[in-house]
Amino acid sequence: MGARALATANDSGYLFRTIPSDALEGTALAQLLAKTKDIKAALVYFDDDQGNAIHSTFGKALAAAGGKAVLSQKFDASSAVATLLAAVTKAKPDVVVMASPFSAMEQNKA
């Protein structure tokens, strides 16, 4: 069961979270970044449960806190690094957030 599914699991009251969901991580990160007035952020996220959960909340939370998501670009193991870099460069963000698992180390290093 993925981390997002824990929030709605039929657990009869026996399931307790010790860490927040990845979706909450997207919200918290957006709120932190928005402390810089009018910040423009690009989100580059891996196409997996964690990356998609962060993506699901990041842009809306950033806008609600006074910032702007200028790019939300997913990638996977077959994505071309040059394509990702071109998209980020074109968006002209103040900051780039990369949400990617350790298992994607080769893509992360590139």
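The values are calculated or read from the model by the stated rules, or taken from the named source; none is laboratory data. On a predicted model such as this, the values are computed, not experimentally measured, just so you know. No Cβ is skipped: glycine too gets one built from the backbone with ideal geometry, and neighbour counts run over all protein chains shown. For the accessible areas, the whole protein counts, side chains as well, though only heavy atoms, and no ligand, DNA or RNA atoms are used. Shrake-Rupley method; radii C 1.70, N 1.55, O 1.52, S 1.80 Å.
Within the chain, which is the longest segment containing none of the chymotrypsin sites (Phe, Trp or Tyr not before Pro) that sit in a DSSP loop and have at most 10 other Cβ atoms within 10 Å?
Longest site-free region, per DSSP loop and neighbour criteria: 17-110.
At 222 nm, what value in deg cm²/dmol follows for the chain if DSSP H runs of at least 4 each add -39500 (n - 2.57) and the sum is divided by all its residues, to the nearest 500?
-12000 deg cm²/dmol
Using 0.36 nm per residue of separation minus the Cα-Cα distance, give me the extension gain between E106 and K35 in nm, one decimal.
22.4 nm
With the full set of protein chains in place, find how many percent of the accessible area of the chain is carbon and sulfur; take the probe as 1.4 Å.
C and S fraction of accessible area: 57 percent.
When N counts the residues of the chain, how does its alpha-carbon radius of gyration compare numerically with 2.2 N^0.38 Å, as a ratio?
1.16
For the chain, please report how many Lys pairs fall under 23 Å Cα to Cα, leaving out neighbours fewer than 8 apart on the same chain.
Qualifying lysine pairs in the chain: 23.
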